[in-house]
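Read-outs: derived from the displayed coordinates by stated rules, not from any lab. A quick note: this is a predicted structure, and the numbers were derived from the prediction, not measured. Quick reminder, even Gly has a Cβ in these numbers, built from the backbone with ideal geometry, and neighbours come from all protein chains shown.
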Amino acid sequence: MKAAETDGPRHLLSLLDLSAAEIRGLLALGQSMADGAGPARPLAGRTLGMLFTKASTRTRVSFEVGMYQLGGHPLMLSARDTQIGRGEGVRDTATVLGRYVDGLMIRTFEQAEVEEYAAHAGVPVINGLTDRVHPCQLLADLLTCRQVFGAEALAGMRVVYVGDGNNMARSWLHASTRLGFELVLCSPEGYRLGNLEVHRARNAGARVVEEDDPKAAAAGCRVVTTDTWISMGQEDRKAARQVAFAGYTVDDGVMQAAADDAIFLHCLPAYRGYEVVESVIDGPQSRIYDEAENRLHAQKAVLAWLMGGVELPT
């Protein structure tokens, strides 16, 4: 299906905006991009506005490089350099920017902010990260799993997420909802995804297990993944979080409990010795740098589809 065939622009605000077929199509297109076999310059003459209120390494560089490789132009915008920093509202900013650019990528704190941009911009809006979800990262993670295990294995995976019930845990939950793989959530009391949220995901097709012990949670899993315990904006709670998450480090014992062919994923930045030990993140099962590279390929697929009308493989 072409994005241009729908009424109004398509957006990627969370993985729940996509069907299972669209996720699989984006992963197939992303792999074509990685293989150098994707469409040539589908975004020639098009511009992506990129708004950042959160610091970024992988998001900024991968979107900028991706736009360049697809023939388009990325335009970096920050609150410091625009009227946003002086209090101009999202509605006015979105409406004006939508008349200049062909798409917007937003990396910010509140999910409601990207939703408001999508409501008023009149062009595709891509969520580059919010405190609620990180859909582009999950597409990169799934692309990494596809490369290791094969496209047909995705629905049969068993994945364990160890650590904070944050935007990454929620995005894995959304991915399970759409693709149907088994997801084991392992978080300490007080830092878990909400019961209602998990219940709704189960009703929508997610296969979710909740487990307290990381080694027990990892049993038989082919994917072991985690994230930082202290996300941006939580620095003042660092000491309390380090105490709460003691015992939830992905170490060699956790990896030994997983399947023999298990891989380790982390969206980065990683804080070695806290959520993961060096021997795991630098070990033979780690795929963190392939995963980081796949941000580029997966996002090129998203950009080509949403902004360039490129058809997704079926």
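Note the count of lysine pairs whose C-alpha atoms are less than 26 angstrom apart in the chain, limited to pairs 8 or more residues apart or on different chains. Don't skip to the end; give the middle numbers.
On the way: K2/K300; K54/K238; K54/K300; K215/K238.
Step by step, the pairs that qualify in the chain add up to 4.
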Query raised in the report: Which residue, E275, E116, E64, has the most motion in a Gaussian network model of the chain that connects Cα atoms within less than 10 Å?
Result: E116
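How compact is the chain by the rule of thumb for globular proteins, expressed as Cα Rg over 2.2 N^0.38 Å?
Values: Rg = 19.0 Å, N = 314, 2.2 N^0.38 = 19.6 Å.
It is 0.97.
Full extension from L75 to E88: what is 0.36 nm times the residue separation minus their Cα-Cα distance, to one decimal in nm? It would help to have the intermediate numbers written out before the result.
Numbers: separation 13, 0.36 × 13 = 4.68 nm, distance 1.88 nm.
Once the chain is fully extended between L75 and E88, it gains 2.8 nm.
What FRET efficiency would be calculated for the residue pair K54, D213, taking the C-beta separation as r and a Förster radius of 30 Å, to the nearest 0.05?
Efficiency, rounded to the nearest 0.05: 0.40.
How do the peptides 53-59, 29-35 rank, highest first, by the average count of neighbouring beta carbon atoms within 10 Å per residue?
Working: 53-59: 16.3, 29-35: 20.3.
Those peptides, ordered most packed to least, come out 29-35, 53-59.
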Requested in this report: At q = 0.13 Å⁻¹, what is the base-10 log of I(q)/I(0) for region 1-97 according to the Debye formula with one equal point scatterer per Cα and no solvent? Please give it to two decimals.
Outcome: -0.61
Query raised in the report: Applying 1/(1 + (r/R0)^6) with R0 = 25 Å to the Cβ-Cβ distance of A246 and E110, what FRET efficiency is obtained, to the nearest 0.05?
Result: 0.25
Query - For a label point 7 Å along the Cα-to-beta-carbon line of A153, residues of region 270-291 with backbone N under 18 Å - result: 284-291
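Roughly speaking, what is the stretch gain from R99 to S19, that is 0.36 nm per residue apart minus the C-alpha to C-alpha distance, in nm to one decimal? Before the final figure, lay out each step's value.
Values: separation 80, 0.36 × 80 = 28.80 nm, distance 2.88 nm.
Stretched fully, the R99-S19 segment lengthens by 25.9 nm.
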Query raised in the report: Taking only the alpha carbons of region 137-289, what extent do you get along each of the three principal axes, in Å, biggest first?
Result: 42, 37, 26
Requested in this report: Compute the label zone of N195 within region 136-173: residues whose backbone N is under 12 Å from the point 7 Å along Cα-to-Cβ.
Outcome: none
